[in-house]
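What follows is a set of notes on a single structure, which appears directly below.
Readers should treat all values here as calculations from the given coordinates under stated rules, not as data from a laboratory. All values reported here derive from a predicted model rather than from experimental measurement. As a convention, Cβ positions derive from the backbone with ideal geometry for all residues, glycine included, and neighbour counts pool all protein chains shown.
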Amino acid sequence: MARLTVRLTPEGRRELEAELARLEAELPTVSSRLGDARAGGNDPAENLDLRDAMDALALLEGRIGELRALLAAAEPIEDLAPDGVIRLGTRFKIRHADGEEASYMLVSPAEADPRRGRISEESPIGRALVGKKKDEETTAETPSGPERLLVLDVA
């Protein structure tokens with residue numbers, strides 16, 4: 001079976017490691033909450049606190065496992081020196097067809113957070129922009145239809 005590789009920016013790796021540390025620090029509190037909830041009975045159908053504590057622990061342990069797996073499979077993006085070409089780890093500014101301008105960083109799906117200006121290389125816009133340079137136009141095939149984009153700057 002082939003090993004999954006996740007390419008991460010140094011910043012993305014630090015953020016995932018910080019999240020993992022924070023969640024691991026929460027684990028004893030959530031486990032203790034589960035123990036306290038058991039005092040109300042061991043039947044989750046009758047003890048809502050127990051069911052909530054079990055759900056919280058399952059979610060926490062699931063995310064911890066996911067983060068550990070991501071970090072174990074992480075491969076750093078080595079060459080982040082700006083060369084004027086949009087690729088993984090590059091920051092850039094674009095203009096959408098409606099005139100709206102936006103700045104983004106192209107990242108792996110594991111780091112993607114569009115609200116923070118981090119778009120996945122596998123997203124429609126990310127795929128359309130890979131390899132583009134300043135003043136180049138491209139069309140992204142988005143779920144709402146084709147979208148024209150102009151690259152304003154590549155850092």
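For the peptides 93-105, 136-148, the ranking by packing is 93-105, 136-148, with the highest mean count of neighbouring Cβ atoms within 10 Å listed first. Per-residue ellipticity at 222 nm from helix content only, as computed over the chain with -39500 (n - 2.57) for each DSSP H run of at least four residues, stands at -13500 deg cm²/dmol. Electrostatic bookkeeping for E141 treats Lys and Arg as +1 and Asp and Glu as -1; over the other residues with beta carbon under 10 Å from its beta carbon, the sum is 0. Just so you know, the averaged projected area of the alpha carbon convex hull for segment 6-76 sits at 4.9 nm². Please compute the Kirkwood hydrodynamic radius of the chain from all pairs of different C-alpha atoms, in Å with one decimal. The Cα-based Kirkwood calculation yields 18.2 Å.
In a fully extended conformation the segment linking A21 and E137 would gain 37.6 nm over its present Cα-Cα distance, using 0.36 nm per residue. Here's the picture: charge each Lys and Arg Cβ at +1 and each Asp and Glu Cβ at -1 in the chain, and of G12, V85, V130 the one pushed furthest to the positive end of that dipole is V85. With everything on Cα atoms, drop me the angle between helix 48-72 and the longest principal axis of the chain, reported from 0 to 90° to the nearest 10. Roughly 40 degrees between the two axes. What whole-number distance in Å separates the alpha-carbon centres of segment 1-36 and segment 53-126? Between the Cα centre of segment 1-36 and that of segment 53-126, the gap is 16 Å.
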